[in-house]
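Report on the structure given below.
The values are calculated or read from the model by the stated rules, or taken from the named source; none is laboratory data. Every value quoted in this text rests on a predicted model; they were computed, and no experiment measured them. No Cβ is skipped: glycine too gets one built from the backbone with ideal geometry, and neighbour counts run over all protein chains shown.
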Amino acid sequence: MSSRPSCLWAVVLLAAVFARAANAQQSSSGTAGAVIAPPDAPSTALRDLLAAACAHDETGFAQFLTARNVESFSRLTPAARVELMKRFVLLHGAGKPMLSANSGRPSVRCTTPDGAADIQLGGTELRDNLALLPVDIRDASDSNRAMAEPHHILMGLVRENSSWKIVSVGMLFLDLPSLEIEWDQSAIGGNEQQALTDLKTISAAVETYRKTYSRLPESLVKLGHAAKISSDSAGLLDSELEGGERNGYRFRMVIVGASDVGAPAQYELSATPAIYGRTGRLSFFRDSKGKYHAADHRGAVGHSLDPVLD
């Protein structure tokens, strides 16, 4: 489990009503006689949200976001959406959630290949359309179970169109639209570096294909996987690169010259941001001589006149 602070959360303090409700909750969360929440209760919504976060279930997770946040969540890159869900359960890999009730209160056991967590919800403190729930997240890995101290987090939900939606984690307000630009800026550098790495991976796959079949593949699809390895499915690229898009970048191969046969045959590769300014700024280009170039073309394809990368 990781307790590192996430750049996802905007540093915006909740209104005074949140603080007053939190203090009231701290004094009452240990009260005996808690009743099991009805299906539409905030605790049930939060339990199901945590279960979806455990499984990296984007569709299930989005059901418990406000309308404002759902729109922004859909625009995040797949990696960013997973990163957001991971922060709710403090586990890295996708897991299998198991729901139960401990002392009448909802709980989730999230089990992943790398570890496990027990997540227990405390009693709900209602303030009109606002609900505050204390959450304890404890490392349930075999090696740490006996000594693990729980992470105490206060989560807030708001009633929106008769349903409960997550609105805060701790004393930080979950406002994805205001974080989109910040998130994109922090991720662009990593996306660009990965795009260059992927471009070199594709080039290596093309060269392997050339040596094996004495010609160039007509498209990236020829480098992908199938039940039987052949010139139509060489098994040299994973499904994302075979499809020509990964981690916010699009990849394209073009055969140049009169022939695709033998060692003299030439090709060019390009990697361009899928959404310029959000998933990347640089366009990468591998020329027919094997040199790599990069420049900002505002999302357009690069060319051999761009600066050469070392």
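Test Ala41 against the stated conditions and say whether it is of a type in the set (Gly, Ala, Ser) and either at pLDDT 90 or above or under 26 Å from Gln194 (Cβ atoms) (or both).
Taking the combined requirement at face value, the residue does not satisfy it.
Among the numbered conditions (1) charged (D, E, K, R); (2) within 32 Å of the chain's Cα centre (by Cα); (3) at pLDDT 95 or above, tell me where Arg246 comes up short.
It is condition (3) that Arg246 fails.
Name the helices (runs of 4 or more DSSP H) wholly inside region 36-135 in which the number of residues that are in contact with a strand residue (DSSP E or B) (Cβ under 9 Å, 6 or more places away or on another chain) and hydroxyl-bearing (Ser, Thr, Tyr) is 1 or more.
Counting at least 1 such residues, we get 42-55, 67-75.
Filter region 215-242 down to the residues that are in a loop (DSSP other than H, G, I, E, B) and touching a residue at least 24 places away in the same chain (Cβ under 8 Å), then identify the one that is surrounded by the fewest Cβ atoms within 10 Å (Cβ to Cβ).
Taking the candidates together, the pick is Glu218.
Collect the residues in region 76-91 that are of a type outside the set (A, V, I, L, M, F, W, C) and either outside the structural domain of Asp48 (by TED's automatic domain parsing) or at pLDDT below 90 (or both), keeping them in residue-number order.
Thr77, Pro78, Arg81, Glu83, Arg87 - these are the residues of region 76-91 that are of a type outside the set (A, V, I, L, M, F, W, C) and either outside the structural domain of Asp48 (by TED's automatic domain parsing) or at pLDDT below 90 (or both).
Report yes if some residue within region 167-188 is buried (at least 17 other Cβ atoms within 10 Å of the Cβ) and at pLDDT 90 or above; otherwise report no.
There is at least one residue in region 167-188 that is buried (at least 17 other Cβ atoms within 10 Å of the Cβ) and at pLDDT 90 or above.
Quick check on region 210-232: of everything there that is small (Gly, Ala, Ser) and under 29 Å from the mean Cα position of the chain (by Cα), which residue is farthest from Asp198 (Cα to Cα)?
Only one residue fits best here, namely Ala226.
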